[in-house]
1. Restricting the search to the stretch B:266-298, which residues are open to solvent by 40 Å² or more (accessible area, probe 1.4 Å) and among the aromatic types (Phe, Trp, Tyr)?
2. Which of the residues that make up the stretch B:9-22 are open to solvent by less than 40 Å² (accessible area, probe 1.4 Å) and out of contact with any Leu (no Cβ under 6 Å at 6 or more places or on another chain)?
3. Output the residues belonging to the stretch B:102-137 that are over 14 Å from the mean Cα position of the chain (by Cα), surrounded by 24 or more Cβ atoms within 10 Å (Cβ to Cβ) and β-branched (Val, Ile, Thr).
4. Among the numbered conditions (1) without any contact (Cβ under 8 Å) to a residue 24 or more places away in the chain; (2) at negative phi; (3) open to solvent by less than 60 Å² (accessible area, probe 1.4 Å); (4) more than 8 Å from chain A (Cβ to nearest Cβ), tell me where B:Leu313 comes up short.
5. May I ask you to say which residue of B:Gly218, B:Gly287 is more than 17 Å from A:Gly31 (Cα to Cα), within 14 Å of another protein chain (Cβ to nearest Cβ), in contact with a Leu (Cβ under 7 Å, 6 or more places away or on another chain) and modelled with pLDDT under 85?
6. Which numbered condition in (1) in a helix (DSSP H, G or I); (2) under 27 Å from B:Ser65 (Cα atoms) is the only one that B:Phe186 fails?
Amino acid sequence: MSTSIERWRLRNGIRARWAALERDWQSVVVGATIVALVSGLGLPIPW
Amino acid sequence: MGVRRLLPGLVALCLGAVLARWVARVVGVNHLLVAIALGVIVSNVVGLPDECDPGVATHKLWLGSGIVLMGASISTATVLAVGGPVFLVVLAVTGLTLVVVELLARNVFGLTERLGTLLAAGASICGVSAVVAVAGAVRATEDQVAYAAATVLLFDAITIVVYPIVGDLLELSGAVFGTWAGVSMFSTGPVVAVGFAYSDAAGQWATMTKLSRNALIGVVVLGYASYYARRGDDGTASVRTLWAEFPKFVLGFLALAALSSLGVFSSAQQTSIEHAYNWLFLLAFVGLGTEIRLADIRSTGLLPAVVVLLALLVGSLLSLTVLSVLF
């Protein structure tokens, strides 16, 4: 039970932080996330 | 903003991106131009449901993210070698366009001072974003903002078609074409689209040049705010404006360019990052296409359009001549 509440809080916290960011910083976060997925987890992106 | 509100528009962008990619492969036309055309057709002929608007409006976020990722493909050695003279060209053409539009608007065509200012900002820096940023600083009216934005969008639509044709006719190299587009076209989206439609090298030069131009927005907003404030017109000026208006995704682009030049990414990782920004640009350009409303463009006044056309011709011809000598 407590884990689901914690997860809910975490999700809300992330959402609030994301909404508070300027769009330009959101672009940087999206870019950084993709770089982390590609370089950290070796995610291949097809074209 | 809830994900559910964004979902219809995001799905529309994704479908448009996949369709644009498929059509481009079949027909053999550049995928970014197909994406823009698709957006224009959907919004002007079929019409998008209102539920799609919030999701489609995220297209600027995808453009910024794509530009950040593009940093990983930039050859910093080339930029350092040619960057200085190119930045001087950026400064010269930006300043010239600003002055030409202001002089023509005020002294030749008798437009109101603030409309001239908005047109000058839009034509010299970064299109509609600059119009909106300067409008806030000089307290322009909604009508003036709408007029200036429509004029900028009109020339975005024209230059998307005309620039690649001129580039092909003159057989310009990727570096010359990209820098020319970056220094003289208006909005960031069309510059990136036209650059990559010409060649990968042109796309990278176009984006780098346009980013350095966009970085000047803070200075221009500050200058105009100070000017109108001194005249007692209720404008506000602050050094904070420089940072507030600075396009922050440029920092992400520079960080990735630095990491890439340090050899942090393997070639397979670089290829994946390149694919990622190609998809992000597709999403962005489908959305950009939907913003080109032909009805709005038709409502552009003749005089503002003539002022901007003359400034575009001066800036475009001058920069092309200088760049042809430089490269």
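The values are calculated or read from the model by the stated rules, or taken from the named source; none is laboratory data. Because the structure is predicted, anything quoted here is derived from the model rather than measured. Glycine also receives a Cβ, built like all others from the backbone with ideal geometry; neighbour counts cover every protein chain displayed. Note: accessible area is taken over every heavy atom of the protein model, side chains too, but ligands, DNA and RNA are not part of it. Shrake-Rupley method; radii C 1.70, N 1.55, O 1.52, S 1.80 Å.
1. Of everything in the stretch B:266-298, just one residue is open to solvent by 40 Å² or more (accessible area, probe 1.4 Å) and among the aromatic types (Phe, Trp, Tyr), namely B:Trp279.
2. To start, the set of residues in the stretch B:9-22 that are open to solvent by less than 40 Å² (accessible area, probe 1.4 Å) comprises B:9, B:12-13, B:16-17, B:20-21.
Correct list: B:Gly9, B:Ala12, B:Arg21.
3. Within the stretch B:102-137, B:Thr117, B:Val134 meet the criteria.
4. (3)
5. Working: B:Gly287 fails: modelled with pLDDT under 85.
Sole residue among the options that is more than 17 Å from A:Gly31 (Cα to Cα), within 14 Å of another protein chain (Cβ to nearest Cβ), in contact with a Leu (Cβ under 7 Å, 6 or more places away or on another chain) and modelled with pLDDT under 85: B:Gly218.
6. Against the list (1) in a helix (DSSP H, G or I); (2) under 27 Å from B:Ser65 (Cα atoms), B:Phe186 comes up short only on (1).
Let's see how each residue does on (1) of a type in the set (A, V, I, L, M, F, W, C); (2) out of contact with any helix residue (DSSP H, G or I) (no Cβ under 9 Å at 6 or more places or on another chain); (3) modelled with pLDDT under 85; (4) in a helix (DSSP H, G or I):
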| position | (1), (2), (3), (4) |
| --- | --- |
| B:Pro85 | no, no, no, yes |
| B:Leu96 | yes, no, no, yes |
| B:Val99 | yes, no, no, yes |
| B:Gly116 | no, no, no, yes |
| B:Ala121 | yes, no, no, yes |
| B:Cys126 | yes, no, yes, yes |
| B:Ala137 | yes, no, yes, yes |
| B:Val152 | yes, no, no, yes |
| B:Ala157 | yes, no, no, yes |
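For every residue, the table says whether it meets (1) in a helix (DSSP H, G or I); (2) away from chain B (no Cβ under 11 Å); (3) open to solvent by 80 Å² or more (accessible area, probe 1.4 Å).
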position	(1), (2), (3)
A:Arg7	yes, yes, yes
A:Arg11	yes, no, yes
A:Ala19	yes, no, no
A:Val30	yes, no, no
A:Val35	yes, no, no
A:Val38	yes, no, no
